[in-house]
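The values are calculated or read from the model by the stated rules, or taken from the named source; none is laboratory data. Note that the structure is a prediction, hence the values are computed from the model and not measured. Ideal geometry is used to build each Cβ from the backbone, glycine not excepted, and the neighbour counts take in all protein chains shown. Please note that ligands, DNA and RNA were not included when accessible areas were found on the heavy atoms of the full protein model with its side chains. Shrake-Rupley method; radii C 1.70, N 1.55, O 1.52, S 1.80 Å.
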Amino acid sequence: MKKIILSLLILTLLPLTGCHDPEELVPSVANRGINNATVYTSWDEYHTAGKGIPCKIDYDTRTITVQVPYTWPIESDNVQSLEDYKKVYIAFNLDNNVYIEPALHTIDLTQTYEVTVTDQQGVKSPWTIKAALTKHNGCDIESFTIRGMDLSAMIDKDNARASLIYFEELKNVFADYTLSPHARIVPDPAKQAFWCSPDKPMKFTVIAADGVTSKEWTLMESQPQKIDQGMAKGSGKLLWAEKLSKLGVTSLDKAYGLGVTDEYCVVNVQDADPILINAKDGKPAGTLNLGSWKGDGKNFYLTSDDAGHILVNNFANGSDSAPKTISIARMESVTSTPEPFIEWEVKGAYGKMISVTGDVYGDALISVVYCGWSATGSTSILTWTVKNGVVENQKPHWRQAKGMKGWTNGDASYINPELTSDYFAAGYSPNRLTWVNGTSDQARTDILGELTNNEQMLALDVETFNGVPYVITSMETSFTWGVSGAMWVCEAKYPETFNGTLKTGINEQLPAAVVYQLDRGADGFGKYGGRLNDGTNVNAYTDVKLHASPDGYFMYAYFMFCNGYVGCVQFDCLAK
């Protein structure tokens, strides 16, 4: 790429060495002469091959039009003005022995330029260079979801097709969608009900912002093939990321705990009603009414089970002389009333984090890790067994993970809802995502979260997707330095590949088990955490959740960093 730009610069500046006739040794037939032109808004961008502003070349009228975006950023409503481009840099890609006179280096986009192009045969022709604000010509559907059904289409832009994994007729339904910036869709499925069935696809026309470019899209129902196991390689993509403060979290250091249903992402706000977010697009969707379970530390933390049922709990810090009660409530849906589920007196600190494997209205394991601070750390885990929606014993099973080098204040979650199941644990300060044998409680192997040693690995979650277990974890700094907002999704298929180190450098070799790493920005120090947004959280509060779609084709990874962002990454198991 540098060689290309160097060639462009040489071709552009050649006329400055003096005007002279083209050399005689030229091909017998001239080509197009001017192949393309690009405008750069700064000399640095021009010199380092930035994207620049493209130009449209009309060979019939011999006109070059600099296509300045009508709005910038394109998806915004910020209308541009050519007055802002009175000194820009232009580069031409010319055929050999083709010259432009006068030689242009910097131009003013409010002006029109008349130049002469001399081709390879010495023929001179007049050309015009001008600029125009150009509206976006994109006419794609980016996402398409049947309202109220958690039914999202797979988008095939090459064939203008949106495919729904559904096997019945859709009658009088509406859809929510995102399009190319400033495009519109006809008929509008958000306002006009439509029908769609496997043998009767629905047609839509997407019209670009320029009002000219359009594309006909087909909405159809299909049953795509799955790969044999696990998620499709490279399928992870960030669906959305929203700043917590823009979603209504007005108090710093209060967002702690993340629950997920098929329709909603639930962000717990301590001592306040949790915030509901549309799970697929990140838009605000109201609040969750906790009733008497709100306030006074009652909703210290919130999570969900594999079926999307919500659990909320308090934080209990007891002692031998003054035990405290940890209380956990469950909710069948986001509109249900919390019902008391577990109460147990503890002689220590518990409740900063809880994890659930399974369905609390069916079979499940609920695990709580000791979260007090001590010089040696503790690996104590309390686990309640749920069978047919009933807690077998309010007294939890106590276990202690071995070989984890002392940890506390973290999380643990099982692969399967059985006490003999292997489980994963993580905590501060070893910061090791550890795979633990569920029979012996001995650590099998681990992935070290090294980064800068100023972060804490406190949250994790486990979900089996298309026959393969996956574990998600995150790290957040509690200092005004260090990596802010790191998240990874790892395959937990083989202990032999579950090892390695997570480091700060964004180009560092990732452990073999890692299938997705959240973008941490150009410097690798994070952009979704609190430190670079509304403020560092001294407790490094963070949470993560994995949630598989009911149809089994998609898995969603949700992350939340206190004082920072909440977001969603989508994976699939589709055979491409």
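Collect the residues in the stretch 216-227 that are within 24 Å of G138 (Cα to Cα), open to solvent by less than 60 Å² (accessible area, probe 1.4 Å) and of a type outside the set (V, I, T), keeping them in residue-number order.
Of everything in the stretch 216-227, those that are within 24 Å of G138 (Cα to Cα), open to solvent by less than 60 Å² (accessible area, probe 1.4 Å) and of a type outside the set (V, I, T) turn out to be W217, L219, M220.
If you go through the stretch 81-123 one residue at a time, how many are assigned to a loop (DSSP other than H, G, I, E, B), within 15 Å of I34 (Cβ to Cβ) and of a type in the set (D, E)?
2
Inspect the stretch 258-270 for any residue being outside any strand (DSSP E or B), more than 28 Å from L151 (Cβ to Cβ), open to solvent by 20 Å² or more (accessible area, probe 1.4 Å) and in contact (Cβ under 8 Å) with a residue 24 or more places away in the chain and give the result as yes or no.
Yes, there is a match, as at least one residue in the stretch 258-270 is outside any strand (DSSP E or B), more than 28 Å from L151 (Cβ to Cβ), open to solvent by 20 Å² or more (accessible area, probe 1.4 Å) and in contact (Cβ under 8 Å) with a residue 24 or more places away in the chain.
Table: residues versus (1) farther than 14 Å from V569 by Cβ; (2) assigned to a loop (DSSP other than H, G, I, E, B); (3) out of contact with any strand residue (DSSP E or B) (no Cβ under 7 Å at 6 or more places or on another chain); (4) open to solvent by 20 Å² or more (accessible area, probe 1.4 Å).
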| site | (1), (2), (3), (4) |
| --- | --- |
| M457 | yes, no, no, no |
| T464 | yes, no, yes, yes |
| Y470 | no, no, no, no |
| F479 | yes, yes, yes, yes |
| M487 | no, no, no, no |
| G505 | yes, yes, yes, yes |
| P511 | yes, yes, no, no |
| Y516 | no, no, no, yes |
| G521 | yes, yes, yes, no |
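Would it be correct to say that V360 is open to solvent by less than 10 Å² (accessible area, probe 1.4 Å), out of contact with any Gly (no Cβ under 6 Å at 6 or more places or on another chain), assigned to a strand (DSSP E or B) and within 20 Å of G259 (Cβ to Cβ)?
Judged against the criteria, V360 is not a match.
Working only within the stretch 154-190, note down all residues that are surrounded by fewer than 17 Cβ atoms within 10 Å (Cβ to Cβ), within 28 Å of W72 (Cβ to Cβ) and of a type in the set (D, E).
If the condition is that a residue be surrounded by fewer than 17 Cβ atoms within 10 Å (Cβ to Cβ), within 28 Å of W72 (Cβ to Cβ) and of a type in the set (D, E), then D158, D188 are the ones that fit.
Against the conditions (1) surrounded by 24 or more Cβ atoms within 10 Å (Cβ to Cβ); (2) under 24 Å from the mean Cα position of the chain (by Cα); (3) closer than 17 Å to P511 by Cα, where does F498 fall short? Just the number, please.
(1)
Inspect the stretch 534-543 for any residue being farther than 29 Å from S421 by Cβ and in a strand (DSSP E or B) and give the result as yes or no.
no
Given (1) modelled with pLDDT of 95 or more; (2) surrounded by 20 or more Cβ atoms within 10 Å (Cβ to Cβ); (3) under 17 Å from the mean Cα position of the chain (by Cα), where does G230 come up short, assuming only one miss?
(3)
Only one residue in R399, R444 is closer than 27 Å to A307 by Cβ and of a type in the set (K, R), so which one is that?
Going through R399, R444 in turn, just one is closer than 27 Å to A307 by Cβ and of a type in the set (K, R): R399.
Rundown of residues vs (1) outside any strand (DSSP E or B); (2) touching a Phe, Trp or Tyr at 6+ places or on another chain (Cβ under 9 Å); (3) β-branched (V, I, T), yes/no style:
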site: G297; (1), (2), (3): yes, yes, no
site: A322; (1), (2), (3): yes, no, no
site: I326; (1), (2), (3): no, yes, yes
site: E345; (1), (2), (3): no, no, no
site: V368; (1), (2), (3): no, yes, yes
site: W398; (1), (2), (3): no, no, no
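For the stretch 523-576, what are the residues that are aromatic (F, W, Y) and open to solvent by less than 10 Å² (accessible area, probe 1.4 Å)?
The answer is Y556, Y558, F559, F561, F571.
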